[in-house]
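What follows is a single structure, written as structure tokens, with notes after it.
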Amino acid sequence: MAKKERQKRSARKARAAERAELEATRAASQAGSKEPAKKADATVAKASTKKAESKPAKKQGRIRSYFSAVKAEMHRVVWPDKNELRSYSIAVIVMLIVFGVCVWLVDTGFVAVLVGFTGLRG
């Protein structure tokens, strides 16, 4: 998480530097010289093309980093061996049967109470 925060911070600093440079060129162009105005227009055009080119690259980088993080996390997982997997599977099946029987008994009890109370099955 710290790496992601550092990357965000450095990206913010880079954008702030670009904005400061752009503002400086605009201020110089408003001072009266025509040459800095052309430079400012060129800087704006360069910045807009740079942003357009960097968006797909950023997205690709995010996707690549996501999958590399998934791969790293999967290497950290402790996978069960064959005997543990068998015992866990048996435990799950037994619990499903136990809870199924409990639900069936409660349902049957409710139906018996309702039939006895309302007398609908007669």
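The values are calculated or read from the model by the stated rules, or taken from the named source; none is laboratory data. Keep in mind the model is a prediction, meaning the values are calculated, not measured. For neighbour counting, all protein chains shown are included, and Cβ atoms are generated from backbone atoms with ideal geometry for every residue, glycine included.
Taking the criterion of being of a type in the set (A, V, I, L, M) and in a helix (DSSP H, G or I), the residues of the range 75-96 that qualify are Leu85, Ile90, Ala91, Val92, Ile93, Val94, Met95, Leu96. Restricting the range 71-86 to residues that are modelled with pLDDT of 95 or more and surrounded by 10 or more Cβ atoms within 10 Å (Cβ to Cβ), the residue that is farthest from Glu5 (Cα to Cα) is Arg86. Within the range 33-48, can one find any residue that is at pLDDT 95 or above, of a type in the set (D, E, K, R) and in a helix (DSSP H, G or I)? Looking for residues that are at pLDDT 95 or above, of a type in the set (D, E, K, R) and in a helix (DSSP H, G or I), one finds none in the range 33-48, hence no.
Per the conditions (1) surrounded by 10 or more Cβ atoms within 10 Å (Cβ to Cβ); (2) modelled with pLDDT of 90 or more; (3) small (Gly, Ala, Ser); (4) in the same structural domain as Ala24 (by TED's automatic domain parsing), the sole criterion not satisfied by Gly100 is (4).
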